[in-house]
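The values are calculated or read from the model by the stated rules, or taken from the named source; none is laboratory data. Worth saying up front: this structure is predicted, and the values here are computed from it rather than measured. Here the Cβ positions follow ideal geometry from the backbone for every residue, glycine too, while neighbour counts run over all protein chains shown.
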């Protein structure tokens, strides 16, 4: 079996002078790997497609370290960015955050050739820094006419128009960075930026219906985009829109049932239905993310009935246990019929 990574194929296409052929070649390899030849008609070599290098303990530990460090850096430049950089004045603050961005971009470029995976993570941190730079530029120039109480880490308090400009800039930066680095992790900030942008557009309608429609359209759009990526053999990239779709679907359920509050039987039933649908989609698509989040939705819905509705019933606990055992039995039956492990 010959292991071929997507990065190796793209680099080979670049060296051959036909980089535009890389997606088609990768799709062909994906198709070839999925085709099970007839007995007695096995080829001399079988390709195993993967987006990762051969992984041992050290490579897995290195991958965990890279992504853990990337998540810490992302949190630093988003959730914990705050406004300390602005203590030196708007102009100096703009220079400081612009320097942050340039350092991240330069570091990603330095890592790009020999260490593409860490380069993609650093590029994602650069993408997350772009809204901060845009905010600092607006604070220095007054282009967005921000209210005097506006603060970067409290954007929910001052409206959506200015924040949408930052979301658009982050989305554009994510697309540009992905075209440059082709790292699947870059779809994480891109998915987040797109999600916030669509939800803010729904909020701009100042109506509950607008928010609900925006949430459902976003969930459907992310799911369709994830399916398209899967069909093109880009499963690692498809993980992020798949995750976004199933999470946004949960938000859409809450928005659609906000008249009954964030609890109650209608919400619990809706989450049970959503959880079952997500699990079915996970089995159909061979996606663990749908199985995991769908399971959480089921647990949430069942917990409501367990504690608030049937908590004192003698037969609820054994009935719930039987349901759980039935799910386990279904998993065993599915495992017998599967030819490939869940991813």
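Things to note:
- Test: residue in region 37-55 that is part of a loop (DSSP other than H, G, I, E, B), at pLDDT 70 or above and surrounded by 11 or more Cβ atoms within 10 Å (Cβ to Cβ): no
- With respect to (1) free of Cβ contacts under 8 Å to residues at least 12 places away in the same chain; (2) part of a helix (DSSP H, G or I), the lone exception for residue 198 is condition (1).
- Here residue 233 passes the criteria (1) under 21 Å from residue 175 (Cα atoms); (2) at pLDDT 90 or above except the one numbered (2).
- Looking only at region 100-126, residues that are without any contact (Cβ under 8 Å) to a residue 12 or more places away in the chain and either under 24 Å from the mean Cα position of the chain (by Cα) or under 21 Å from residue 175 (Cα atoms) (or both) come to 8 in all.
- The numbered conditions (1) at pLDDT 90 or above; (2) touching a helix residue (DSSP H, G or I) at 6+ places or on another chain (Cβ under 6 Å) are all true for residue 260 except (1).
- No other residue among 171, 199 is out of contact with any strand residue (DSSP E or B) (no Cβ under 6 Å at 6 or more places or on another chain), modelled with pLDDT of 90 or more and within 19 Å of residue 134 (Cβ to Cβ) apart from 171.
- Answer from 274, 218 - the residue that is surrounded by 18 or more Cβ atoms within 10 Å (Cβ to Cβ) and either over 30 Å from residue 163 (Cα atoms) or assigned by TED's automatic domain parsing to the domain that holds residue 22 (or both): 274
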